[in-house]
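To start, the structure under review is shown below, and the notes come after it.
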Amino acid sequence: MSLLVVGLSHRSAPVSVLERASLAGGTQAKLLQDALAAEPAAEAAALATCNRIELYADVDKFHAGVAELSTLLAQHSGVGLDELTPYLYVHYEDRAVHHLFSVACGLDSMVVGEGQILGQIKDALARGQELHTAGRLLNDLFQQALRVGKRAHSETGIDRAGQSLVTFGLEQLAAGEDVAEWARGKRALVIGAGSMSSLAAATLARAGVAEIAVANRTRARAERLVEILGQPGGTGVAARAVEMAAVPDELTRADIVVSCTGATGLVLTAEVVAGALGLPHEPVRAAPAGNDGPVRLALLDLAMPRDIDGAAGHLDGVRLVDIESLAEASADAPMASDVDQVRTIVADEVAAFGAAQRAAHITPTVVALRAMAADVVAGEIARLDGRLPGLDTKQRAEITQTVRRVVDKLLHAPTVRVKQLASEPGGAGYADALRELFDLDPQTVAAVSRADLNDPNRGRS
C-alpha cells in the first residue's frame, strides 16, 4: 500500500485561499483524470467541501507523487503552486488512513463531530467509481472510512462535541439566545437549493420561523425544496419559491438570510443589503458597526467562495456570520470527552485496516501457491494412471484424495503463518519470499490480483 494524500483545509489555509482554491464538479472530474494519467498514480479520488480540498492517490513513488499531486491541485484550483504550497499538508500510508478516518468521524471538521462530511465522503467515492479512477485500495479505504465514521457516531457522543455547520452558524447569529426562541416568528430567505441550503431551510423550519422564501438559479430546484418543506407530516412552515432576480425585494421583508450557492462571485453585495434596509452604503470601517444595537437583518454565509460581501457586516443593524467567523468561534469551543473515545476508535481502525491491506497483499501469492500445488497433484495422478492402468475408480479416487490431504496439510501451517506475519507492520516482504522459495510465476500471481480487482461485487458503496 502506497497511499498518499495532499490537501489543504481550514486548519492549514486562510479562508481567502480556500475560497479561491475551491473545485467545481467538472473541475474535480478533470483533476481525477489528470491524476490517473500522471506516472506516479495508479488510483485517485478527490474530497472537496466548502473548507477542504484533498487529493488521494495510490502512488509508487513518494516524492514524485507529492510533486505531481501538488502541481495538479494548483492547476485545477486556479491558485499558483508557489502560493498554494505553504498551505498544503501531506500524509502517507498509515498517516493518510488515519487522516481520512479522522475526517470521517468529524474530528477534523470546523465544527467537531458534524456528520455532513460522511455524505461528502460517499459522494467522493461514488465519483471515483463513476470515473473509474478509484481502484481496490481507494474503494476499500473510503468504504471503511464511512463505516468508521458511522461507528463513531453510533458508539460515542461525538455529536455532542459540536453541531452541524448550519446549527452552529445559527447559534452564532442568535448570540447566546436559544435558537428556537430567537428564530420564532421571523421571516427567512434561503439562497441556494443544494444540500447545505436544504439543511438550513429544514433547521429554520424546525426552529419555528414564520415563513421561508427559497431563491435558486434553477427555479425547479427551489420549487422542489419548497415542496419538501410543505409535505404532510413535515414542518408545516409557509414556504415559497422566488426568482434570483427577486432577492433584493425579498431582503426588504427578511429577518434572516442563509446563503450557500456554487457561485464564483458575490450573490449579495453590501450595496444591495444597504439598499434593502434603506441605508447609505458607507466605506468599510475597521470594526463592524451596529452589532451592539438591535439587529435588523441576520446574514449566514455558508458558501465557499463566499456569497455575501464581508462589507455587509459593517452596516448598521446587520449581523454577518460566515465561514471565517465560524472557524474563529469553533476554535474555542469546548471538546467533549467523547472525542477521546473517537480517537481510540480511529487508532484501532487504522491498525486493523493496515493489517487487512497487508494480508490482502499476500493473498494472491498464497492462491497462486495452492494453484501450483493442485497442478502438481494433478500431474502426479496422471503419471500414476500411466504406470498403474489397472486401478479401478474407487482406488484412484482414494489415492487422489490422500495425495491432496498430504499437500494441504503441508501447506496449511506455512500459509496461515505467512498471512499472520504479512499482516504485521513490515510484513510486505513475505510475499516476495514466498514467491522466491516456491519459484512461483509472477504472471500467475498478477493474474490472481487482476481477477480480484475486476470482481464486479467489489468496491461498490
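The values are calculated or read from the model by the stated rules, or taken from the named source; none is laboratory data. Predicted model, so just to flag it, every value in this text is computed and none were measured. Using ideal geometry, Cβ is built from the backbone for each residue, glycine included, and neighbour counts are taken over all protein chains shown. Surface areas here come from the heavy atoms of the whole protein model, side chains and all, with no ligands, DNA or RNA. Shrake-Rupley method; radii C 1.70, N 1.55, O 1.52, S 1.80 Å.
Numbers at a glance
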| read-out | value |
| --- | --- |
| So Asp108, is it closer than 17 Å to Gly354 by Cβ, at pLDDT below 95 and touching a helix residue (DSSP H, G or I) at 6+ places or on another chain (Cβ under 6 Å) | no |
| Among residues of segment 359-417, those that are over 45 Å from the mean Cα position of the chain (by Cα) and of a type outside the set (D, E, K, R), counted | 23 |
| Test for Asp439: is it assigned to a loop (DSSP other than H, G, I, E, B) and at pLDDT below 70 | no |
| Selected residue [surrounded by 19 or more Cβ atoms within 10 Å (Cβ to Cβ) and outside any helix (DSSP H, G or I)] from Val166, Val190 | Val190 |
| Count of residues meeting criterion [under 19 Å from the mean Cα position of the chain (by Cα) and either closer than 21 Å to Ile117 by Cβ or surrounded by fewer than 18 Cβ atoms within 10 Å (Cβ to Cβ) (or both)] in segment 44-68 | 14 |
| Residue in segment 257-265 that is part of a strand (DSSP E or B) and aliphatic (A, V, I, L, M) present | yes |
| For Ala352: the one exception among (1) in contact (Cβ under 8 Å) with a residue 12 or more places away in the chain; (2) surrounded by 13 or more Cβ atoms within 10 Å (Cβ to Cβ) | (1) |
| Any hit, segment 10-22, residues being of a type in the set (A, V, I, L, M) and either within 24 Å of Val148 (Cα to Cα) or open to solvent by 30 Å² or more (accessible area, probe 1.4 Å) (or both) | no |
| Matching residues in segment 296-325 - criterion: being at pLDDT 90 or above and open to solvent by 20 Å² or more (accessible area, probe 1.4 Å) | Arg296, Asp309, Gly310, His314, Asp316, Arg319, Leu320, Asp322 |
| Residues within segment 101-135 that are more than 18 Å from Leu32 (Cα to Cα) and aliphatic (A, V, I, L, M), tallied | 8 |
